[in-house]
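Read through the structure below, which is laid out as C-alpha cells, and then see the notes.
What follows is calculated from the coordinates using simple rules that are stated; it is not laboratory data. No experiment lies behind these values; they were computed from the predicted model shown. With ideal geometry, Cβ positions are generated from the backbone for all residues, glycine too; neighbour counts draw on all protein chains shown.
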Amino acid sequence: MTIIKHELRQGKKSFLIWTASIAFFIVICVFMFPEMKGEMDAVSDMFSSMGSFTAAFGMDRLNFGTFIGFYAIECGNILGLGGAFFAALIAIGALAKEEKDHTAEFLLSHPVSRVRVISEKLAAVMIEIVLMNVIVYLLTIASVAAIGEEIPWKEMGLLHLSYLLMQIELAGICFGASAFLTRGSLGIGLGLATMMYFLNIIGNITDSAKFLKYITPFGYTEGADIVSEGKLDALLILLGMVYMAVGIALSYLRYIKKDIK
Amino acid sequence: MNVIETVNLTKSYGKARGITEINLSVQEGEFFGFIGPNGAGKSTTIRTLLGLIQPTSGRASVLGKDIIKEHKAILSEVGYLPSEAVFYTGMRVSDILKLSADLYKKDCSAESARLCERFQLDTSRRIEELSFGNRKKVGIICALEHRPKLLILDEPTSGLDPLMQREFFSVLRERSAEGTTVFLSSHILSEIQHNCTRAAIIREGKLVTCDRVENLSKTNAKRVTVHGDFKANGLSGVRDMQMSDGNISFLYSGDINELLTRLTASHINDLSIAEPDLEEIFMHYYTDGGETK
C-alpha cells in the first residue's frame, strides 16, 4: 500500500489537470447541443454526404440531430483520445520514470520485492484511470441533466464503459513497454496512443483494412456501433483484454530480472 | 559469521566495465574499507550485493542470506547510501524520511529526528531546493534511521563539509561500537586509513588485495627524504624519485645497509626515513598494476 499511496501522491497534479481538461471539454460540448439542435438537420445531411470522411467518424450511421448521436461523436473524440493519452502517459512512465529520474536506486534498495513494486504501480495506474473515468462520467451526466435533455442511460453507460476498457487495455500494453524502457518513454506512449487512434480511422474508411479493428482498442469504442447495436462487441473486447494481459505479464517477466541503471 | 561473502562474483556488461571473480569476505562488526578509483567496479559490486543488478556468474551472501533468493530479507537489515543520493522531486525531506521508514515497515521517527538534529537538516525543505550536500544528508539519514545491522556506504562524504564529515564518521564509529558492520566504499584514502580495520583494493573490476589497513600500509618500502648533497644513482630498489631544490625523495625497497653506506659517504643536512602512507601504497597498486612490491 505504501507504494500505491506514494504513486498516487506523485501523480496527483497531472491527474487533476487531465481529469479537469477532459471533463471541461465534454461539458462544453454538451452545453453546445441545445444551440446546435435546431440546425442539426442541415448539418446531419452535410455530414452524411462527405464520403469516406463520414465513414471515418461513423457519421453515416448516427443521427446528429439526436442527443446520443451528437454525443457519441463528440465524446468519442474527447474522452477517447484524451483518455487514451492520459492512460498511455501514466502507464508508460510508471516503471521507466524511476530509472530516468534515478530514483529507482532509492526505491529498490528498500525491502520491497520487484513483484510488489510492479503490482502496486500497476494498481496505482488503474486506480487513476478508473477514478478519472468515474469523475468525467458523473460530470457528463450532470451536464446532460443541466441542459434538460433526457439522459440516455444505457447508451451513455455503454460508451463510457468501452472508453474505460480501451484505456485500461492501452495502459496494460504501455505498462509492459515501461518495464523495457529507461528514457524517452513518454513520446513512445503518446505515439502508441495516436497510432491506435488512426488505425481505427483507417479501419473505418476502407473495408480491406477492417482487420485493424482486431488490433486497436479504439475498435470497440466506435460510438456508431455501440449506439446502433445497443451492446459492446464482446469479441473485440476479449481480444483487447488478452493484449492487456500480455503487456502486464511481460512487465513482470522483464522487470523482475532487470538491471537497474 | 561473514556479513558479506562473495565467491567468484562476476558481472559483465557488454564492454569492459563490470567486475571479475570478486572474492570478498567481511566479518560481523568490522569497519571495512573498499578502495578504488572511479569506474573500478566499487558501485557495481555494491549494486550486485543489493540486488539492483544480477550477477553474471558466481554467488554472494549478505548477512548469511543469498543475494538473489533472499534479497528482500537482506534489504530490511541493510542501510544503503548511494553515491548519488537522488529523491523524488516535489516531496519534502520529512516525506522522504517517512516514505523510507514506511518501506522498512518501521517507525523511525525518534531516530530520524535525532539524526536530523545532529546533521542540522531542515526537514521542512523541499527536495529540489536542497544543495548536493544536504541531499546527501537525507540519504545518510535514510540509511541510518532504521538501525540496520549492515551499513553499505558508497562514497559517503562527497558534498559534505568537513564539520559534517566529522559528525558523520563519529556517528559511524558509534554504530560500529554497537556492533553494526560498516562497509565503506571510497577513493579517499585517509577516510579508510583513519576509520577502517580492514580494506580491499579493487582495480579494473578485479580485487587486487585485501588485508588489515596497517598491513596494507606496511610494505618493505620506506619513504626516504634527504636534504643535502646526495645522489641516488646506482642504488637498486629506488622508485618514485622526486627532486626539488636540494631535496631528494624516493621510495626505497632495496638493502638498507647499502643505503646507509651511500648516506654516510655523502654530505647531508637533514634526513627522514618513514613508512609510506596508504596513499603511496595505493598509487603503487594503481601505477604498476600491483605486480611488483
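Laid out as a table, the results:
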| read-out | value |
| --- | --- |
| Under the Karplus curve 6.51 cos²θ - 1.76 cosθ + 1.60, θ = phi - 60°, whole-Hz ³J(HN,Hα) for the range B:227-241, x wherever Gly or Pro sits | 10, x, 8, 9, 10, 8, 4, x, 6, 8, x, 9, 9, 6, 7 |
| Residues whose placed amide H lies under 5 Å from that of residue B:80, excluding near-sequence neighbours | B:152 |
| Principal-axis tilt of helix A:12-37 within chain A, Cα atoms, nearest 10 degrees | 0 degrees |
| Linear extension gain, residue B:274 paired with residue B:8, 0.36 nm per residue minus alpha-carbon span | 92.0 nm |
| At 1.002 mPa s and 20 °C, Stokes D of the protein assembly as shown from Kirkwood alpha-carbon radius, µm² per second | 76 µm²/s |
| Calculated FRET efficiency for the pair residue B:229/residue A:256, C-beta based, R₀ 56 Å, to 0.05 | 0.20 |
| Set B:11/B:222; A:97/A:210; A:97/B:11; A:121/B:206 screened for pairs whose C-alpha atoms are more than 32 Å apart | B:11/B:222; A:97/A:210; A:121/B:206 |
| DSSP bridge orientation in the range B:2-213 - percent antiparallel, rounded to nearest 5 | 55 percent |
| Karplus-derived 3J(HN,Hα), 6.51/-1.76/1.60, for each residue of the range A:196-203, Hz, glycine and proline x | 4, 4, 6, 4, 5, 5, 4, x |
| Chain A: most fluctuating residue of A:26, A:92, A:151 per GNM, C-alpha cutoff 10 Å | A:151 |
| Geometric extent, Cα atoms of chain A - Rg, Dmax (angstrom) | 19.6, 65 |
| Of the trypsin sites (Lys or Arg not before Pro) in the range B:14-53, those whose Cβ has at most 10 other Cβ within 10 Å and which sit in DSSP loop | B:15 |
| Dipole of the range B:2-213 [Lys/Arg +1, Asp/Glu -1 at C-beta], most positive-end residue of B:196, B:26, B:10 | B:10 |
| Cα centroid of the range B:32-101 to Cα centroid of the range A:176-197, whole Å | 29 Å |
| For chain B: relative contact order, % (alpha-carbon pairs under 8 angstrom, 6 or more apart) | 20 percent |
| Student exercise, the protein assembly as shown dipole from Lys, Arg, Asp, Glu Cβ charges, in Debye to nearest 20 | 1020 debye |
| 222 nm mean residue ellipticity, helices alone, for chain A (DSSP H n ≥ 4; -39,500 (n - 2.57); rounded to 500) | -25500 deg cm²/dmol |
| Loop-resident sites, the range B:77-138, for GluC sites (Glu not before Pro), counting at most 14 other Cβ within 10 Å (DSSP) | none |
| The protein assembly as shown: antiparallel DSSP beta bridges as a percent of all, rounded to 5 | 70 percent |
| Span from the the range A:65-80 Cα centroid across to the the range A:207-225 one, whole angstrom | 17 Å |
| Computed [θ] at 222 nm, deg cm²/dmol, chain B (DSSP H ≥ 4; -39,500 (n - 2.57); rounded to nearest 500) | -9500 deg cm²/dmol |
| Residues whose placed amide H lies under 5 Å from that of residue A:149, excluding near-sequence neighbours | none |
| Selection of trypsin sites (Lys or Arg not before Pro), the range B:130-199, meeting DSSP coil and at most 14 other Cβ within 10 Å | none |
